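The values are calculated or read from the model by the stated rules, or taken from the named source; none is laboratory data. Keep in mind it's a predicted model, so treat the numbers as computed, not measured. For neighbour counting, all protein chains shown are included, and Cβ atoms are generated from backbone atoms with ideal geometry for every residue, glycine included. Surface areas here come from the heavy atoms of the whole protein model, side chains and all, with no ligands, DNA or RNA. Shrake-Rupley method; radii C 1.70, N 1.55, O 1.52, S 1.80 Å.
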Amino acid sequence: MRASPMLRLRHPVALLLICALVLLGVLRSFSAPEPLGADAPDVEFSALRSEAILRDLLQAGVPHVAGSPSNLVVGNRIISHLESSGYEVDIQSRFHCNPLFGACSPVDNLIAIKPGSVGKNAVLLTAHYDSGWTGPGAADDAAGTAAVLEIARMAAAFPAFVNDIIFLLSDSEENGLIGADAFAQYHPLFAKVKVVINLEARGTTGSSALFETGEGNRGIIRMFAKNVDRPVANSLVNEIYKRMPNDTDYTVYKRKGVMGLNFAFSQGVAVYHSAIDDPDHLDIGSLQHHGDNAWSMMKALADRDLEHIISREDAGYIDVFASRLLHYPSSIALGLSLVLGVWVLIAIGIAFGKDLRIWQLRWGLLAVPFLLGSIVLGGYLLSFPLGHWPDLHPIEHPYPWVGRLALFGVAVLSLYATLKLFVGRVSPSAMMMLCWGLIFMAGMVLVSKLPTAGHLTLIPLAMFACGSVIDIFRKKSPAPLLMATVLGFTGTVFISFYHYFMLDVVLNFDRSHFKIIPLVFMTLTVLPLLLAFVRGRELSWQPARWLLVAILLACLVHLSLPGFSPHRPRGMTLMYSEVEGSETGYVVLESLTTSFDESYANGHGFKPVVLDNGWSQASERPARAVPALNLPGVEVKAHSVRHKETGWSHRFVLHAHEGLEFLLLVIAKESLLDKAWVDGQLALDTSLESKHQRQDDSLRLVNPDKSSFEIRLLARSPDAISLAVVTWHELPKVLVAPFMRNWPENAQAVEYGPRARKVQHITLDAG
Ligand SMILES: [Zn+2]
């Protein structure tokens, strides 16, 4: 075989340097900025000033669910902050139900307005101030609330903008976006709102990323790129989020066709909705980023003609090292992919045409699947020591770097094995044609399905094409296409690392075969470069053996690292559960998203029990039988059925105990429930399509300030309706005290927290 003229890489270490520099840049996209001090000029958002507000709002360790006395305290403190900034606060107060989720609670939305000079349209800057059932909710969403309050204070000193600015601290988001729905349905100001900025959290640290926008975002993305100093956004995240069962207040406004920017930080998810989501666990840098994003975009939108804020098309976008946002209209993605891809292949053809042999491709066609297959298989095998044997949170690891290194090691090992097996069998130029051809083809398929994900391949192809232009003008280039291949490789390193860390926020090591996939990309473009480098050299298996030993060592070290820590706790709650009519109740070790502490469970005599939770799917949890407490339940009175054109209408009165905090009504799917009303208000409409799919339908009442309700159910089935009614009561301390003494320090109550639950089954007779 004639020696290839390409790529006499004299310094392959340069490739490692490129990887290291790109890695550092990409890590910037996932970390929060330095917070500004309280002495920062008043035209800049200061996280320390905002943090002082946040600490003032919260009561140490106290959750404040919508409708609770503690939430009233938080609401009053918000009002005094707004008033001291010179605003008159409008309180939208009502008992409201969001028919999308079948969820009802009292709502006190707090609204302040900075009138615009024209004031025909408005920008809505919003965050929710209620918390979940455990912890004071410092990150979710007191951080957003404190950022909005600080921005409202700063904006007060500004001369009027063109548009109105509405500051909305919404209530009862956690129970089903109830406050936002009340605002959109009943508040007269909503008609003016043309764009929403929403601040949220799904963790306690990391950058505040733009993770969701409205449809037709081309124009607003251009504004975001121009006005925000530290943009963090990827249109692929927007696409993935659309397909995830998660919601925020913005869901309500987006469904009504309002444009919006939705920001959240999402690392430290083990603390999210836990008892330690408090100010001491909040990354103040994340608060800074929230504030910077919202303040910049609010000012930009405040003077903008909002009539045309919705564009005819979406944009694809990705930030480069959180310092610049690359964006493109989705309509050009396919054409651009085609042009760049053909350019790249022609450039390779012209540079190495004489060297390309078709028969070599058969070895290349074997080398590529070997490389990809071995990386994914290696990831799968490592998922056992890294993720299956250790006791881990399902999404996040507190000490991830050793595991990450092991996965990088697998990618390098697969690359070395491919080189060893195929060197001399396939020429670097044939390999190059094949690998870039593959990227081009993959890009075309991706873009035809999802144009806003085009940058995954557009960036490497464009960098290769730019490099090829430089190569043409470089007179003394040591090899054809040297610049093109190195720049193209750099493009894939960027895409690989960015998406590796992006997936890292939603996958733990038990799914290492998925986690490792982004790394495939960069190995494809480095393969021809390395083939050229090792050509003619004798490769031994020895380096591969050492690499394997290093990977195994990393696995051992990883196995010795804890999957939970006091600052990244497992979610574990002690609660009590009983079913009416049963003599036995249970103390239950509850865990919603994570596994329980087995040694604690065994040491305290908890055994797996199938528990009736009211839903048609029972749950199995570690539990200990105790004599039933016989908690007060509900009574159904004055039931009547009428046949209507649309179905069977059941009416009844539900009597609960005084001071009711939570009531859940589960209606089995077989009843074919259409709609439900609470005290005449539409509370559930099953024809509305939400991102959640549940087996049963349900109605939830949270902290209603009364104990008797008139319920109407409209069902399409003529049969009797079986209801499960779940009520929550205070958990008697004496019941759980014996188990709390050795409570593991890496476990914290999560989601619904300690409570006593009563389940009742009630049948509503057929008509
Ligand atoms: Zn939230």
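Being of a type in the set (Asp, Glu) and within 12 Å of the ligand (Cβ to nearest atom) is the filter; apply it to the stretch 172-186 and report the residue that is farthest from residue 65 (Cα to Cα). Step by step, filter the stretch 172-186, then rank; the result is 173.
Checked against (1) crowded, with 21+ Cβ neighbours inside 10 Å; (2) of a type outside the set (Phe, Trp, Tyr); (3) within 20 Å of residue 348 (Cβ to Cβ); (4) touching a residue at least 60 places away in the same chain (Cβ under 8 Å), residue 495 meets all criteria but (4). Of the candidates 100, 110, the single residue that is more than 30 Å from residue 489 (Cα to Cα) and touching a strand residue (DSSP E or B) at 6+ places or on another chain (Cβ under 7 Å) is 110. Whenever a residue of the stretch 227-249 is within 28 Å of residue 45 (Cα to Cα), its partners that are within 16 Å of the ligand (Cβ to nearest atom) and assigned to a helix (DSSP H, G or I), lying with C-beta atoms within less than 7 angstrom and at least six residues away or across chains, give the pairs 249/180. In the stretch 403-443, the residue that is least open to solvent (accessible area, probe 1.4 Å) out of those that are of a type in the set (D, E, K, R) and assigned to a helix (DSSP H, G or I) is 404. Suppose we filter the stretch 743-764 for residues that are surrounded by 20 or more Cβ atoms within 10 Å (Cβ to Cβ), modelled with pLDDT under 95 and either touching a Leu at 6+ places or on another chain (Cβ under 9 Å) or in a loop (DSSP other than H, G, I, E, B) (or both); how many remain? Number satisfying all stated conditions: 4. Across the stretch 255-279, the qualifying residues are those that are surrounded by fewer than 21 Cβ atoms within 10 Å (Cβ to Cβ) and charged (D, E, K, R), and the one among them that is farthest from residue 395 (Cα to Cα) is 256. Screening the stretch 460-470 for residues that are in contact (Cβ under 8 Å) with a residue 40 or more places away in the chain and open to solvent by less than 30 Å² (accessible area, probe 1.4 Å) and picking the one that is nearest to residue 441 (Cα to Cα) gives 461.
For (1) in contact (Cβ under 8 Å) with a residue 12 or more places away in the chain; (2) open to solvent by less than 70 Å² (accessible area, probe 1.4 Å); (3) over 30 Å from residue 404 (Cα atoms), each residue gets a yes or a no:
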residue	(1), (2), (3)
19	yes, yes, no
24	no, no, no
27	yes, yes, no
40	no, yes, yes
43	yes, no, yes
55	yes, no, yes
79	yes, yes, yes
97	yes, yes, yes
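Determine which single condition residue 203 fails, assuming it passes every other condition in (1) in contact (Cβ under 8 Å) with a residue 12 or more places away in the chain; (2) within 30 Å of residue 700 (Cα to Cα); (3) under 22 Å from the mean Cα position of the chain (by Cα); (4) more than 16 Å from the ligand (Cβ to nearest atom). Tallying (1) in contact (Cβ under 8 Å) with a residue 12 or more places away in the chain; (2) within 30 Å of residue 700 (Cα to Cα); (3) under 22 Å from the mean Cα position of the chain (by Cα); (4) more than 16 Å from the ligand (Cβ to nearest atom), residue 203 fails exactly one: (4). With a requirement of 1 or more residues that are more than 20 Å from residue 759 (Cα to Cα) and modelled with pLDDT of 90 or more, the strands (runs of 3 or more DSSP E) lying completely within the stretch 650-734 that satisfy it span 673-678, 681-685, 708-715. Of the candidates 86, 102, the single residue that is crowded, with 19+ Cβ neighbours inside 10 Å, at positive phi and more than 16 Å from the ligand (Cβ to nearest atom) is 102. All conditions in (1) within 10 Å of the ligand (Cβ to nearest atom); (2) open to solvent by 10 Å² or more (accessible area, probe 1.4 Å) hold for residue 157, with the sole exception of (1).
Here is the figure for the stretch 38-61: residues that are assigned to a loop (DSSP other than H, G, I, E, B) and in contact with a Pro (Cβ under 6 Å, 6 or more places away or on another chain) total 1. In the stretch 582-613, of all residues being at pLDDT below 95 and among the small types (Gly, Ala, Ser), the one that is most open to solvent (accessible area, probe 1.4 Å) corresponds to 599. Sort through 162, 148 and tell me the only one that's β-branched (Val, Ile, Thr) and either within 16 Å of the ligand (Cβ to nearest atom) or surrounded by 22 or more Cβ atoms within 10 Å (Cβ to Cβ) (or both). Checking each option against the conditions leaves just 148.
Looking across the stretch 236-262, the residues that are in contact with a His (Cβ under 9 Å, 6 or more places away or on another chain) and more than 14 Å from the ligand (Cβ to nearest atom) come down to 236, 245. Pairs linking a residue in the stretch 361-375 that is closer than 19 Å to residue 532 by Cβ to a residue that is of a type in the set (Phe, Trp, Tyr), with Cβ atoms under 7 Å and 6 or more positions apart or on different chains, are 363/422; 367/422. With the structure loaded, tell me whether residue 122 is surrounded by fewer than 24 Cβ atoms within 10 Å (Cβ to Cβ) and away from the ligand (no atom under 16 Å from the Cβ) or whether it fails that test. So residue 122 fails the test.
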